[in-house]
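Quick notes on the structure that follows.
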Amino acid sequence: MDQLLATDPSWVGGHRLVARLGAGGMGVVYLARSPHGAWVALKVIRSEYAEDPDFLARFRRETELATRLSSRWTVPVLTADADARSPWLATAYVPGLPLSEALALHGPWPVPQVRTLAAALAAALDDVHRAGLVHRDVKPANVLLAADGPRLIDFGIALAVGATALTADGSVIGSPGYLSPEQARGTTVGPAGDVFSLGCVLVHSLTGRPPFGAGGAAAVLYRTVHEEPDLAGLPRELDAALRACLAKSADERPTVARLRDLFGSFDSRSWLPGGLPAVVAERAGRVLDLPVPEPTELSAAVADPPPATSRRRLIAASAALGVGALGGGTAWWQWGRPRTGSGAGKRTLPTRVIGLLGDRSNEAVRSQERGAGIAVAEHNGRADRPFDLALRAVDDRGTAAGSAAGAAGLAADPDVHAVIGAGSNEAVPAAVPVCTKAGLCLLVTRADSTRLNVVHTTSTLVLRATRTAGPGAVLRYLNRVVHPQRTAVVYDLADEEESLPTVQIVTVHGHLDGRVDVLEVAAGDGFGAAARDIAAHPDDVVLFAGATPSRAAACAAALKAAGHRGVRVADEHVLSAAFLRAGEGWWISTGYADAADPRLRAFTAAYRARHGGVPGPWAAEAYDAVRFAAHGLAAPGGDGRRESLRAELLRAPWQGITRRFSYESQSQYLETTPDGGWFLYHVEGGRARFVARQDAIGRST
């Protein structure tokens, strides 16, 4: 339990917030007083989910089902509001100790106490499933130990039986180490998944360790899918039942009704192991002594409804944050100015402004400005154009604050119909909520961050293939050309969250042929030990899963020193001067095309004529972004409003010079087609040389 932050509200739906109970990917849980004075646990869902109508419909349905759930062993949902700016739900607050904390403090439980714990949790799941719900996140942290028995809590990612999953297939919801193999694969989850998770919880309670071990999430998920659980030390009387719960196939697991027969009924006499009753009682007593806090800064700031924000105020706010929204940080392309006809018969065309947001001291952003400018000039040179285009480049200084302020300045201008997010992983995500609130379509060309994985709930479209789908070009190269027998994946835990999708793609989802072994390298460690292990099989393939160039360079140097001779691959995020010096011979998968790509021939000629050189990385992608936006704005039957642009862009595939833009109907992610926008490079002589686009690999390499 923690104090409220200055950014937390003081009130939600008439409930007075008192403290923080926890936070996760879906939102924040607060301890609060209801309008009637009762203690409640109030979960506030992250605001971006409020933009997803499918999520809101599911949230309403599931909270309605949960309010009907009546079980001694669950915590009832008291009220909820799916229409709030940030949807929320309130459950009864039960003071107690999470099972995860109890195991960490006091170790494994004796068999009699685990059996009675199992009886209560099986009864809880039976009631949950009878109510038409699947919990999907049964783990020790979601089992609350109260004085009168356990409670299964947190239905924040629960799913109504038979409903569409919260995320598309290929995504993983739940907690690694306790979720089922079908969850790890990102496929449909039913009641049997909860049985598997219950088995993991009970094994952990008996042995003091999770059955699929510890470590990085990717390694745990891989063991869950492909390896047998560690059940050493299980007592004989519970061994058979728990082994059945942990069957890889959902069809082979017992039902919760069968488990209730096996575990018997809850025994309230001394159900907690020695030492825990006093801890639970002490934890419950803390709530009684809590003072009501002063209003948070956020609540004080919005005590009165704020006045409508004018364009002038937004621009002033941008300037205060160091971003010249209309001044020195803004560049108007000469060929992008409105074209007003003169004389009889001349028509005046409306102007659609496209913003470009990024750090203008960065060469990749400057390259995108030039590429986007060529698209604007080409559009304005067409006699049949329905409108003129203008390009406005805003400098975000490469920071999140600058990105948010720059996006606000662009959004304040009604002539701005789209924004190209040309910046970095650090900056671009901060522009997403600003553009979403304004109904302004944000087109992301370069950033590749896990923080952009939920943009299907916003007004944003990611125009590039991402690590969520894996480093496509090198995977195709390995499978089509190299045919590896064994690949060692060096998983750099310094970039654990950002690199996890790549590791999942080649392990859990099996997108790489042959045997795959994962070697985890801790954030503070070097790569010498891993390189020596790999060098025991010097001709094996190595895939570096990391995103820090200096770490990649160190890995490359360690492999060379250890005598590794096999193929080595990575993705674009490792590229730097240091890596190019150390990584001779590596194969790299990128999301940007190269001037040597035949499909860029006309663009390259136009770029050379205007700027006197070949286009750099991401220039062609920005050129496509402008053309894609213009295509959507001019769509037949469209209303031309910026709020409608994203829907028009999703309506049908569009072919650019870099890739085919086609989006999956449910997830709204860029489809991973053969022409999905991956490009293969080879490090030679201290530079990355273009080899082929993804769909040509195996034919020309």
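The values are calculated or read from the model by the stated rules, or taken from the named source; none is laboratory data. The structure displayed is predicted, hence computed values, not measured ones. Here the Cβ is made from the backbone with ideal geometry for all residues, glycine too, and neighbour counts use every protein chain on show.
Mind checking which helices (runs of 4 or more DSSP H) fall wholly inside the stretch 550-635 and carry at least 1 residues that are closer than 30 Å to CYS441 by Cβ and at pLDDT 95 or above?
601-611, 619-633
Are any residues in the stretch 112-122 closer than 18 Å to CYS200 by Cβ and either in contact with a strand residue (DSSP E or B) (Cβ under 9 Å, 6 or more places away or on another chain) or surrounded by 20 or more Cβ atoms within 10 Å (Cβ to Cβ) (or both), and if so, which ones?
Answer for the stretch 112-122, where residues must be closer than 18 Å to CYS200 by Cβ and either in contact with a strand residue (DSSP E or B) (Cβ under 9 Å, 6 or more places away or on another chain) or surrounded by 20 or more Cβ atoms within 10 Å (Cβ to Cβ) (or both): VAL114, ARG115, LEU117, ALA118, ALA119, ALA120, LEU121, ALA122.
Got a sec? Which strands (runs of 3 or more DSSP E) wholly within the stretch 12-90 have at least 2 residues that are under 20 Å from VAL128 (Cα atoms) and either more than 28 Å from the chain's Cα centre (by Cα) or touching a residue at least 24 places away in the same chain (Cβ under 8 Å) (or both)?
By residue number, 39-45, 77-81.
Examine the stretch 36-46 for a residue that is modelled with pLDDT under 85 and touching a strand residue (DSSP E or B) at 6+ places or on another chain (Cβ under 9 Å), and state whether such a residue exists.
yes
Being surrounded by fewer than 22 Cβ atoms within 10 Å (Cβ to Cβ) and either among the β-branched types (Val, Ile, Thr) or out of contact with any Cys (no Cβ under 7 Å at 6 or more places or on another chain) (or both) narrows it down to one of ASP154, ASP83, so name that one.
After ruling out the rest, the residue left standing is ASP83.
Just one of the numbered conditions (1) more than 28 Å from ARG568 (Cβ to Cβ); (2) more than 22 Å from the chain's Cα centre (by Cα) is not true of LEU443; which one?
Unmet for LEU443, out of (1) more than 28 Å from ARG568 (Cβ to Cβ); (2) more than 22 Å from the chain's Cα centre (by Cα): (2).
If I filter the stretch 684-694 for residues that are under 28 Å from LEU543 (Cα atoms), part of a helix (DSSP H, G or I) and modelled with pLDDT under 95, do I get at least one hit?
Yes, some residue in the stretch 684-694 is under 28 Å from LEU543 (Cα atoms), part of a helix (DSSP H, G or I) and modelled with pLDDT under 95.
Tell me, please, whether a residue that is in a helix (DSSP H, G or I) and under 14 Å from ALA66 (Cα atoms) can be found in the stretch 92-100.
Scanning the stretch 92-100, I find no residue that is in a helix (DSSP H, G or I) and under 14 Å from ALA66 (Cα atoms), so the answer is no.
Within the set of pairs 6+ apart or on separate chains, which have a first residue in the stretch 483-498 that is in contact (Cβ under 8 Å) with a residue 24 or more places away in the chain and assigned to a loop (DSSP other than H, G, I, E, B), a second that is surrounded by fewer than 22 Cβ atoms within 10 Å (Cβ to Cβ) and small (Gly, Ala, Ser), and C-beta atoms under 6 Å apart?
Cβ pairs passing all conditions: PRO484/GLY514; GLN485/GLY514.
For the stretch 501-518, state whether one or more residues are outside the structural domain of ALA214 (by TED's automatic domain parsing), part of a helix (DSSP H, G or I) and more than 27 Å from the chain's Cα centre (by Cα).
no
Return yes when ASP639 is over 30 Å from VAL541 (Cβ atoms), modelled with pLDDT of 90 or more and not in a strand (DSSP E or B) and no when it is not.
No; evaluated as a whole, the condition is false for this residue.
With respect to LEU600, determine if the residue is over 31 Å from the mean Cα position of the chain (by Cα), surrounded by 19 or more Cβ atoms within 10 Å (Cβ to Cβ) and at negative phi.
Taking the combined requirement at face value, the residue satisfies it.
Here's a check for you: in the stretch 528-549, which residue that is part of a loop (DSSP other than H, G, I, E, B) and of a type in the set (A, V, I, L, M) is surrounded by the fewest Cβ atoms within 10 Å (Cβ to Cβ)?
Here the answer is ALA536.
On the given criteria, is ASP230 surrounded by fewer than 23 Cβ atoms within 10 Å (Cβ to Cβ) and within 23 Å of THR507 (Cα to Cα)?
Yes, satisfied.
Return the pair list, or none, for Cβ contacts closer than 7 Å from residues in the stretch 215-227 that are in the same structural domain as GLN183 (by TED's automatic domain parsing) and outside any helix (DSSP H, G or I) to residues that are buried (at least 23 other Cβ atoms within 10 Å of the Cβ) and not aliphatic (A, V, I, L, M), at least 6 apart or on different chains.
Hits for this filter: GLY216/TYR491.
What number of residues in the stretch 233-268 are surrounded by 15 or more Cβ atoms within 10 Å (Cβ to Cβ) and of a type in the set (Ser, Thr, Tyr)?
Result for the stretch 233-268: 1.
Collect the residues in the stretch 603-633 that are of a type in the set (D, E, K, R) and either farther than 18 Å from ARG385 by Cβ or under 27 Å from the mean Cα position of the chain (by Cα) (or both), keeping them in residue-number order.
ARG608, ARG610, GLU621, ASP624
With ALA438, ALA447 as the choices, which residue is touching a helix residue (DSSP H, G or I) at 6+ places or on another chain (Cβ under 6 Å), farther than 15 Å from GLU51 by Cα and assigned by TED's automatic domain parsing to the domain that holds ALA364?
Selected residue: ALA447, the only one of ALA438, ALA447 that is touching a helix residue (DSSP H, G or I) at 6+ places or on another chain (Cβ under 6 Å), farther than 15 Å from GLU51 by Cα and assigned by TED's automatic domain parsing to the domain that holds ALA364.
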